[in-house]
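Below is one structure. I have some questions about it.
The values are calculated or read from the model by the stated rules, or taken from the named source; none is laboratory data. What you are looking at is a predicted structure, and each value in this text was computed from that prediction instead of being measured. In this analysis, Cβ positions are derived from the backbone assuming ideal geometry, glycine residues included, and neighbour counts consider all displayed protein chains.
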Amino acid sequence: MDKAPHLYAVSSLDPSDWQSVRAQGHRMLDDILDYVEHIRERPVWQPIPNDVRAHFGTSAPPNPTDIAAVHDEFMRYILPFATGNTHPGFMGWVHGGGNVPGMLAEMLAAGLNANLGGRDHVPIEVERQIVQWVRQFFGFPETASGLFVTGTSMANLLGVLVARTAALGVGVRRYGVASGQPRITAYTSAAAHGCVAQAMDLSGLGTGSLRVVPTNDLQQINLAALDRAIVADRHAGFTPFLVVGTAGTVDVGAIDDLVGLAHVARRENLWFHVDGAFGALAVLAPDIAPRLAGIECADSIALDFHKWAQVPYDAGFLLVRDGTLHRDTFASPAAYLRRETRGLAAGPSWPCDLGPDLSRGFRALKTWFTFKVHGTDAIGAVISRTCALARYLEHKVIATPKLELLAPVALNIVCFRYRGEDANRLNANIVADLQESGIVAPSTTMIDGHLAIRAAIVNHRTDERDIDSLIDATVAFGDAQLKNCAA
Ligand SMILES: Cc1ncc(COP(=O)(O)O)c(C=O)c1O
């Protein structure tokens, strides 16, 4: 006689003592709220000691550890050594500061553990509501589609893929970008983010098909040079298909002339994609929004909620005017993903039809909480205030003889340096000193061959004190570097 298979005594990973795990959960919540509440009292960042790094070299544990002990490890070895972008003194790259309702929503989303690839459940309705909000932000039609992704690097890639479908037809999905097809070319400015070139690479079109157009003095795409590049390509037998404008360049925050680009795109029959990683959401700031004029004409827009909108990482987003073309670029019917008219598999269109991800987390919930709790006006006000702080920093740099401004301040990014011999090395050292001091954390970039101290003011917690600290510490570390060299 067949025996029933042996069942393990421990059949689930749920706690055996819910009461104590509940108490532990409250402790974890308190600890992380304490961390955010008192973030200003901590160093922005600190170098990782060797013993801390070594702590992460052990193999996967075969046996259980008490959750309280694992949380202690988190508090000791992880929390103090994070990037630091929750801190008001963080000004490096383009990092958002996060926000408490968004953080709490992440916990709720993890508890629901919803998979937003598809099927009929309300978490997908939340994502659809945000798609609707984003359509409204940019004046896009009801037929426009949208999708949460990891970040703008991914959103730009998906945008290029939809543009590729528009140029070559859906057949490109089967046959690839093989010979016999028109040689299609794309255009963007020399100030565009590197992920635009990467999108050309990953889409099989090749970085050689991307024309990098020079910029003007304000780091905006030079429209006359763009026109010349298009004419030259048509003469040489290429088919221009895509222009990528930037709303907020990564180096200096320049906004391309989007009205001008929309006009070129219309005249030349190009797909008009806007990389608005951080700048696009400035449509919510009444004083900045007019400078984004033309964005409403885009065929697609990539943006990040995790930057200026302060949603916790990650929350990138792609908006596409032609939702049908978007779907035609990615939808792949499969028996196991059959759509039904009723039941959990109901609904003709699922988010997995709009991108390569089938399993998708509930990024929409932290975005939904952030917008509902704070409101769009408050997010717009943060954007306006960070730009005002950048102007305050600009004035302080100009008023400090030891410092020099390296680029015009268009939005929230200020590039400057400490004056001195061997300035590139000197300023690289100053930035490392600033970061290691824990006072402020700017990053660097190159402006016309000069290494710049680059302060991107994105965090809603940053205020004048942090700008004053940046100026004072830069001068102090610059003076100390010069003194060391002289000694
Ligand atoms: C203009 C621009 N485009 C694209 C990106 C890449 O975005 P993500 O890091 O979310 O992929 C950035 C990042 O700062 C950016 O500033």
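Considering every residue within region 62-83, establish whether at least one is in a loop (DSSP other than H, G, I, E, B), within 16 Å of the ligand (Cβ to nearest atom) and either loosely packed, with under 13 Cβ neighbours inside 10 Å or under 27 Å from the mean Cα position of the chain (by Cα) (or both). Reasoning before the result, please.
Within region 62-83, the first condition is being in a loop (DSSP other than H, G, I, E, B), and the residues that meet it are 62-66, 82-83.
Then keep just the ones that are within 16 Å of the ligand (Cβ to nearest atom); that gives 83.
Narrowing the set further to residues that are either loosely packed, with under 13 Cβ neighbours inside 10 Å or under 27 Å from the mean Cα position of the chain (by Cα) (or both) leaves 83.
Yes.
Hey, another quick one. How many residues does region 419-469 contain that are of a type outside the set (S, T, N, Q), touching a helix residue (DSSP H, G or I) at 6+ places or on another chain (Cβ under 9 Å) and under 12 Å from Val44 (Cα atoms)?
Here the count works out to 6.
Filter region 204-253 down to the residues that are within 16 Å of the ligand (Cβ to nearest atom) and among the small types (Gly, Ala, Ser), then identify the one that is surrounded by the most Cβ atoms within 10 Å (Cβ to Cβ).
For region 204-253, the residue satisfying everything is Gly248.
Then there's this: Got a sec? Which of Ala480, Ala487 is surrounded by fewer than 19 Cβ atoms within 10 Å (Cβ to Cβ), among the aliphatic types (A, V, I, L, M) and at pLDDT below 95? I'd like the intermediate steps shown before the answer.
Working: Ala480 fails: at pLDDT below 95.
It is Ala487.
Could you check region 263-282 and list, in sequence order, the residues that are more than 16 Å from the ligand (Cβ to nearest atom) and part of a helix (DSSP H, G or I)?
Scanning region 263-282 gives His263, Val264, Ala265, Arg266, Arg267, Glu268.
Just to be sure I understand, how many residues within region 254-269 are surrounded by 24 or more Cβ atoms within 10 Å (Cβ to Cβ) and either of a type outside the set (Gly, Ala, Ser) or under 19 Å from Gly139 (Cα atoms) (or both)? Outline the logic, then answer.
Of all residues in region 254-269, those surrounded by 24 or more Cβ atoms within 10 Å (Cβ to Cβ) come to 254-256, 258, 261.
With either of a type outside the set (Gly, Ala, Ser) or under 19 Å from Gly139 (Cα atoms) (or both) added as a condition, the list becomes 255-256, 258, 261.
Summing the residues that are surrounded by 24 or more Cβ atoms within 10 Å (Cβ to Cβ) and either of a type outside the set (Gly, Ala, Ser) or under 19 Å from Gly139 (Cα atoms) (or both) in region 254-269 gives 4.
Now for a different question. Among the residues of region 398-409, are any assigned to a helix (DSSP H, G or I) and either of a type in the set (Lys, Arg) or under 22 Å from Asp217 (Cα atoms) (or both)? Spell out the reasoning first.
Step one: filter region 398-409 for residues assigned to a helix (DSSP H, G or I), giving 398.
So of that shortlist, the ones also either of a type in the set (Lys, Arg) or under 22 Å from Asp217 (Cα atoms) (or both) come out as 398.
The answer is yes, given that some residue of region 398-409 is assigned to a helix (DSSP H, G or I) and either of a type in the set (Lys, Arg) or under 22 Å from Asp217 (Cα atoms) (or both).
Taking the residues in region 340-359 that are without any contact (Cβ under 8 Å) to a residue 12 or more places away in the chain and part of a loop (DSSP other than H, G, I, E, B) as candidates, determine which candidate is nearest to Asn156 (Cα to Cα).
Quick first cut of region 340-359, residues without any contact (Cβ under 8 Å) to a residue 12 or more places away in the chain only: 340-342, 348.
Going one step further and asking which of them are part of a loop (DSSP other than H, G, I, E, B), we end up with 341-342, 348.
On the way: Thr341: 34, Arg342: 35, Pro348: 26 Å.
Checking each candidate, the answer is Pro348.
Within the bounds of region 345-354, is there any residue that is crowded, with 23+ Cβ neighbours inside 10 Å, farther than 18 Å from Asp120 by Cα and either away from the ligand (no atom under 14 Å from the Cβ) or charged (D, E, K, R) (or both)?
The answer is no; no qualifying residue exists.
Looking at Glu296 and the list (1) of a type in the set (D, E, K, R); (2) crowded, with 23+ Cβ neighbours inside 10 Å; (3) closer than 21 Å to Gly146 by Cβ, which single condition is not satisfied?
If we test Glu296 against (1) of a type in the set (D, E, K, R); (2) crowded, with 23+ Cβ neighbours inside 10 Å; (3) closer than 21 Å to Gly146 by Cβ, just (2) comes out false.
Let me ask something else about it. Residues in region 299-322 that are more than 9 Å from the ligand (Cβ to nearest atom), in a strand (DSSP E or B) and not aliphatic (A, V, I, L, M): how many?
Count: 2.
When region 85-119 is examined, which residues are found to be part of a loop (DSSP other than H, G, I, E, B) and more than 16 Å from the ligand (Cβ to nearest atom)? Talk me through it step by step, then tell me what you get.
The initial filter retains those residues of region 85-119 that are part of a loop (DSSP other than H, G, I, E, B), namely 85-89, 92-99, 113-119.
Matches in region 85-119: Thr86, His87, Pro88, Gly89, Asn99, Asn113, Ala114, Asn115, Leu116, Gly117, Gly118, Arg119.
Still on this model: I'd like the full set of residues that are away from the ligand (no atom under 16 Å from the Cβ), hydrophobic (A, V, I, L, M, F, W, C) and in contact with a strand residue (DSSP E or B) (Cβ under 9 Å, 6 or more places away or on another chain), limited to region 283-298. Working first, answer last.
First, the residues of region 283-298 that are away from the ligand (no atom under 16 Å from the Cβ): 284-287, 289-290, 293-294, 296-297.
Subset that is hydrophobic (A, V, I, L, M, F, W, C): 284-285, 289, 293, 297.
Cys297, the sole residue that qualifies.
In region 142-167, how many are touching a residue at least 24 places away in the same chain (Cβ under 8 Å) and either among the aliphatic types (A, V, I, L, M) or farther than 21 Å from Thr188 by Cα (or both)?
Residues in region 142-167 being touching a residue at least 24 places away in the same chain (Cβ under 8 Å) and either among the aliphatic types (A, V, I, L, M) or farther than 21 Å from Thr188 by Cα (or both): 18 in total.
Let me spell it out: the conditions are (1) crowded, with 17+ Cβ neighbours inside 10 Å; (2) touching a Leu at 6+ places or on another chain (Cβ under 8 Å); (3) aromatic (Phe, Trp, Tyr), and Tyr35 meets all of them except one. Which number is the exception?
Of (1) crowded, with 17+ Cβ neighbours inside 10 Å; (2) touching a Leu at 6+ places or on another chain (Cβ under 8 Å); (3) aromatic (Phe, Trp, Tyr), only one is false for Tyr35: (1).
Among the residues of region 257-276, which ones are in contact (Cβ under 8 Å) with a residue 60 or more places away in the chain and more than 23 Å from the chain's Cα centre (by Cα)?
Leu270
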